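To keep things clear, I will list the structure first and then write my remarks on it.
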Amino acid sequence: MIDKRLMKELGKIEVPLYDIRKYEETIMKAKAVKLHPEKQRMCNKEFFINQLRFIKKKTWFLKFIISIMILYVISTEQIDISGWTWTLIAVSGPALCLINANEICNIFQPGMVEIQMTAKNSFGKVLMVRLITFGLFDLIFFVCMALGMSIFKKTIIWQVILYGLVPYIIMCFGCMIILNRCREENISLYSLTWGVCLNCIIIISKISDIRIYQASYFNMWLGIGLIAFGGTIIELHRLFKKTGGNLDEISYGTSV
């Protein structure tokens, strides 16, 4: 009954004819609109710059403070193979890497991985921005330290680079293993434990008067560094495979 009444009332409504000219005018105006949805999207450069804002100020503060302190202490101490200079250089790498690991661990917190895996910009890209940023900062630190000591302290530059980078790479290797194999809520604690243990080994070797910084141990340092570097590359590749982005997203193209 209600349907019949409704149809009867609707039948009384007269729909006016539309103006064909207005219809054609609307079509012409629609064709004149140049829609470029890719220009509304964030390009890679903008994505990289915006991601830097999400790195905590505390992280940058710690990295700057530790870097300045290490450079100051090294510049004021007399270079001596029996002194603590080489030990300080060796522990500086794991210390800086530990700060990086603590920041990276924040994006691996429980629940965050699942959210970021559904984003248009993949979790791997978010991770890559942090790795590149921290890597460039630490590289500048090691270059400044090596050049400064070679110029003002008359030190062989390869020694500074070797004794600084090898522990740094070992620390990175351990952190990558932790990221790939441990639960999200534990990786920060495990990374801290690994960093402390590594620096303790370096300091204990100095206290025990093990002269690992002599030229005769060059091949040992180089071999360990190459093995750790190769392991880091393998673990990093495995990590990026695990942190791929959304494979079924709607693609609108990229802005030139």
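The values are calculated or read from the model by the stated rules, or taken from the named source; none is laboratory data. Keep in mind the model is a prediction, meaning the values are calculated, not measured. In this analysis, Cβ positions are derived from the backbone assuming ideal geometry, glycine residues included, and neighbour counts consider all displayed protein chains. When the accessible area is computed, the model is the full protein with side chains, heavy atoms only, and any ligands, DNA or RNA have been set aside. Shrake-Rupley method; radii C 1.70, N 1.55, O 1.52, S 1.80 Å.
Observations
- Flag if PHE240 is under 30 Å from LEU147 (Cβ atoms), assigned to a helix (DSSP H, G or I) and either of a type in the set (Ser, Thr, Tyr) or in contact with a helix residue (DSSP H, G or I) (Cβ under 9 Å, 6 or more places away or on another chain) (or both): no
- Matching residues in region 205-256 - criterion: being among the aromatic types (Phe, Trp, Tyr), under 23 Å from ILE161 (Cβ atoms) and either open to solvent by 100 Å² or more (accessible area, probe 1.4 Å) or modelled with pLDDT of 85 or more (or both): PHE218, TRP221, PHE229
- Top-ranked residue of region 153-186 - restricted to ones that are of a type in the set (Val, Ile, Thr) and at pLDDT below 85, ranked as nearest to VAL91 (Cα to Cα): VAL160
- Evaluation of ILE66 against the conditions (1) modelled with pLDDT of 80 or more; (2) surrounded by fewer than 13 Cβ atoms within 10 Å (Cβ to Cβ) shows that the sole unmet condition is (2).
- Set ILE132, ILE156: member being over 24 Å from LEU198 (Cα atoms) and either surrounded by 13 or more Cβ atoms within 10 Å (Cβ to Cβ) or β-branched (Val, Ile, Thr) (or both): ILE156
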